[in-house]
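One structure is given here, and the rest of the page talks about it.
Bear in mind that the values in this text are calculations on the coordinates, not laboratory data. What you are looking at is a predicted structure, and each value in this text was computed from that prediction instead of being measured. Here Cβ is always computed from backbone atoms with ideal geometry, including for glycine, and neighbour counts include all displayed protein chains.
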Amino acid sequence: MPKWTFEPGHTAAAFCVKHMMVSWVRGHFKNLNGSMEFDPEDPANSAVELEINARELWSGDSDRDDHLRGADFLDVENHPKITFKGNQISISSANEFKVTGDLTIRGITRTVTLDVRYLGQWQTPFWEDGVDKGPKTRAGFLAETRINRLDFGVRWNDKLALGGVVVGSDVLITIDVEAILEE
């Protein structure tokens, strides 16, 4: 099975959560590390491992970012990594799969399913220290899922008038992956 390494500079995760009952707060994690086994001719036997440095959270507001990194939310001092490991693959179509595995946030692991779209592959240059060491085969993937943050111990909230809350429970997650085929 071909092995692929995620290219950190082109692999990222984004999240969005309902805020004040009426809008969405969005945030990002850049430079994700990971690897996978994947053959587009045999996707059912794939496997993936992904690691996110939770300290690199960015939402565009430094005070909010500090709060999200703190003990009320991700508690990055005690849980600096978010991980996903999956190898249960269900094929939806030629380029769409469901990947089920273990997501760990704040030291709590739950089974989640990612909806994954294979975006294709291409021979590309590969620049390292100003030298093209290509060609390298790159592949792209888009993964999406929805989790309940309460399932991972992320419980901070405050109440609004008429029964509303400051932060919604559902978190929408999108992961963009650019992977390089290992030689």
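The table below gives the values:
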| item | result |
| --- | --- |
| Sum of side-chain charges, E37 neighbourhood, beta-carbon under 11 Å (Lys, Arg +1; Asp, Glu -1) | -3 |
| Summed side-chain charge close to E96 - residues other than E96 whose Cβ falls under 15 Å, Lys, Arg +1, Asp, Glu -1 | 0 |
| Helix-only mean residue ellipticity at 222 nm for the chain, each DSSP H run of n ≥ 4 adding -39500 (n - 2.57), per residue, nearest 500 | -1000 deg cm²/dmol |
| Projected label distance in nm at W58 and I91, using a 7 Å step from Cα toward the beta-carbon | 3.9 nm |
| The chain - percent relative contact order, Cα under 8 Å, separation 6 or more | 25 percent |
| Full-extension gain in nm, L181 to N148, via 0.36 nm per residue minus C-alpha separation | 8.5 nm |
